[in-house]
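Visitor: Sharing a structure with you now.
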Amino acid sequence: MCIRDSSMYAPNRIEARAVKKVIQESAGKDLLKIDLFDVFVDKAKDKKSLAYHLTFGSDERTLKRKEVDDLIEEIEVGLEKIGVKMRRQ
């Protein structure tokens, strides 16, 4: 199992559940769990920051770091389609 924290900026009009849905669809079956753990709304800039714990894993084998990195990239592409930008650490 691999846990990654991922944070992103979204326009205030986009709901956290829409972001969660895109993350789940983009990552597929190897995303075992997703937990929203932080929300900061900046009304002046009309955006919010969302942070999630993402738990990846497979019943068949141990996922390699590169595989999880690729899933994160797929999530990023999916989120950009709805106007959400992942923050880079």
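Visitor: So, of the residues in the range 58-89 that are of a type in the set (Gly, Ala, Ser) and at pLDDT 95 or above, which turns out to be farthest from the chain's Cα centre (by Cα)?
Guide: Selected residue: Gly83.
Visitor: Another question, if that's okay. What residue, of Lys66, Lys81, Lys48, is surrounded by fewer than 11 Cβ atoms within 10 Å (Cβ to Cβ) and either polar (S, T, N, Q) or in contact with a helix residue (DSSP H, G or I) (Cβ under 9 Å, 6 or more places away or on another chain) (or both)?
Guide: Lys81
Visitor: Quick one: in the range 54-63, which of the residues that are of a type in the set (S, T, N, Q) and assigned to a loop (DSSP other than H, G, I, E, B) is most open to solvent (accessible area, probe 1.4 Å)?
Guide: The residue in question is Thr62.
Visitor: Against the conditions (1) open to solvent by less than 80 Å² (accessible area, probe 1.4 Å); (2) β-branched (Val, Ile, Thr); (3) in contact (Cβ under 8 Å) with a residue 24 or more places away in the chain; (4) not in a helix (DSSP H, G or I), where does Val22 fall short? Just the number, please.
Guide: (4)
Visitor: In the range 25-45, which residue that is assigned to a strand (DSSP E or B) and within 12 Å of the chain's Cα centre (by Cα) is surrounded by the most Cβ atoms within 10 Å (Cβ to Cβ)?
Guide: So the residue we want is Leu31.
The values are calculated or read from the model by the stated rules, or taken from the named source; none is laboratory data. For clarity, every value in this text was computed on a predicted model and none was experimentally measured. As a convention, Cβ positions derive from the backbone with ideal geometry for all residues, glycine included, and neighbour counts pool all protein chains shown. Note: accessible area is taken over every heavy atom of the protein model, side chains too, but ligands, DNA and RNA are not part of it. Shrake-Rupley method; radii C 1.70, N 1.55, O 1.52, S 1.80 Å.
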